[in-house]
Amino acid sequence: MLAYLPRPPTDTSRYGTFPQKPDLPAAPGALVEDGGQKVAATAAKRGAPMPNYPSAPRHSGFVAGEPSLPPSRGSLTTQHHRGQPSWCPPPAPQDAAARLYPLHALSVANIPNSSRGRTSARSSTVPTPEGLQGRRCKLLEEDSPVVQAGKRQRQRYVTKVGKCQVNLGNIQDKKRFLSDIFTTIVDLKYRWFLFVFMMCYIVTWVLFGFIYFLDAWVRGDMGHQGDPEWQACIQNVDGFVSALLLSVESQRTIGYGTRMVTANCAEGVILLMAQSIVGSMIDAMMVGCMFVKISRPKKRAQTLIFSKNCVISLRDEKLCLMFRVGDLRESHMVDAKIRAKLIKSRQTAEGEFIPLEQSELNLGYDTGEDRLFLVEPQIICHVINRHSPFWDMSAESLRREQFEIIIILEGIPGAALAAGMTCQARTSYTEDEILWGYRFEPCMSLEKGAFQVDYSRFEMTFEVQTPAASAKELQELKELEQQEHSTLSLYWDHLLQPCALPGP
């Protein structure tokens, strides 16, 4: 329930470009001699603020001359992994050529952990500084936030394949399911559905077979087998097995002719009519449920695919959240619509906690862009404007957020158009699956007079220049530039105005 609470902000004094080097504990003798001076120096060093962001132009988003980082299309946590601490053995030398990197790659927060306190408390047991350094490196590798984030599995609201991770429990009024028995049977899993299907026939056969056996035993037909003068009600029934065979032959209209109901008793005729009616009702219900269950377009959603990651980049000078959707079948979806929901817990101003609150993300439903002609893979765009919940989100604040975006694509499959059945495909994206400063690669080309779709490039992305600031900050900067430009234009117009000549 508390999975999507906002993460607490980390200490801004630790947002340095490089990791801080902790103070190594000195030897016991040195601590005795000048303990006071070192404690004061340590306190002054810890209180000194670290530099924040490198002084680079905000509009470019790239800094030249930094060491190379391997490109990755995973989450932001694994994408910009930091190096080892400065007191660990230096890594192998890499290419010294200058490369371009996004600005937010250098602004990863150095989140503190508790391993430093534990290593300081146990430092007296380490005999040599080399062992201390190796032990600290190992602890920081195991307990670092990046490693812990990779080990910790996030509980999703909706899985990547579209299954809702919500279990309903403590339902008191369960008779509501029996009032809608048709939907209840159709929604059963196939193993339980086949079990119910078989038990409906087996129970009716056994029940009517027992009634046939009881009637033949009460009337004495079983004791007069082979007597030509005896007027039997049910012929050739000498036990329960033969009565069961009569029940199966009557309900399934097999009619072998050796066992039958005669006209010598009225109850036998009524019993046969009742079994025929009950058998027809069972056939209509179970065959109808089987047809609906098989013809449901539930598996059609398996051929509707979504990109593994979302990307955030500029489009038409606006910051946009984008993902890609495609259809693998040639029988296209009819009247396809797409929606997006943001799942995030929050606390109101009055102190009320709202768990997993759902808010709508505008994918173009006001302009009709949410209605798709899904013939080729399409990139769905959510413009981050004033009405978007991501208006204040920057590349740095994205790392501290916890939310989930649910994507719902629904439409009528072409094969099930006559039945009018709607198919729905779902997926989800967490904050770790959003790539800031990336764009999808094109996957279409023109070959032999037709457009060719290469689905091997469906997931591919490439890095682009994107500012690490939020859409709100970019809008404020743009308005400030426009205001300065208008002021400068008025100043130049005033200077260029011709001077008024004095009259004669």
request  = Just need a number here: residues in the range 453-472 that are assigned to a helix (DSSP H, G or I) and open to solvent by 90 Å² or more (accessible area, probe 1.4 Å).
outcome  = 0
note = Screening R346, R296, R315, R339 for residues that are in contact with a helix residue (DSSP H, G or I) (Cβ under 8 Å, 6 or more places away or on another chain) and either free of Cβ contacts under 8 Å to residues at least 12 places away in the same chain or open to solvent by 70 Å² or more (accessible area, probe 1.4 Å) (or both) leaves only R296
query = Somewhere in the range 281-288, is a residue open to solvent by 80 Å² or more (accessible area, probe 1.4 Å) and not assigned by the TED database to the domain that holds T461?
reply = yes
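Does I379 fit the bill of being at pLDDT 90 or above, closer than 23 Å to E441 by Cα, surrounded by fewer than 19 Cβ atoms within 10 Å (Cβ to Cβ) and in the same structural domain as A425 (by the TED database)? Talk me through it step by step, then tell me what you get.
Details: at pLDDT 90 or above: yes; closer than 23 Å to E441 by Cα: yes; surrounded by fewer than 19 Cβ atoms within 10 Å (Cβ to Cβ): yes; in the same structural domain as A425 (by the TED database): yes.
Yes.
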message = I want to confirm something. Restricting to the range 156-172 and keeping residues that are under 16 Å from the mean Cα position of the chain (by Cα) and aliphatic (A, V, I, L, M), which single residue is most open to solvent (accessible area, probe 1.4 Å)?
response = V161
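Consider T204 carefully, then state whether it is part of a helix (DSSP H, G or I) and in contact with a helix residue (DSSP H, G or I) (Cβ under 8 Å, 6 or more places away or on another chain).
Details: part of a helix (DSSP H, G or I): yes; in contact with a helix residue (DSSP H, G or I) (Cβ under 8 Å, 6 or more places away or on another chain): yes.
Criteria met by T204.
Out of curiosity, is G223 among the small types (G, A, S), at pLDDT below 95 and out of contact with any helix residue (DSSP H, G or I) (no Cβ under 8 Å at 6 or more places or on another chain)?
Values: among the small types (G, A, S): yes; at pLDDT below 95: yes; out of contact with any helix residue (DSSP H, G or I) (no Cβ under 8 Å at 6 or more places or on another chain): yes.
Yes, satisfied.
The values are calculated or read from the model by the stated rules, or taken from the named source; none is laboratory data. It should be emphasised that the depicted structure is a prediction, and the values quoted were computed from it without experimental measurement. Cβ coordinates were reconstructed from backbone atoms using ideal geometry, including for glycine residues, and neighbour counts include every protein chain displayed. When the accessible area is computed, the model is the full protein with side chains, heavy atoms only, and any ligands, DNA or RNA have been set aside. Shrake-Rupley method; radii C 1.70, N 1.55, O 1.52, S 1.80 Å.
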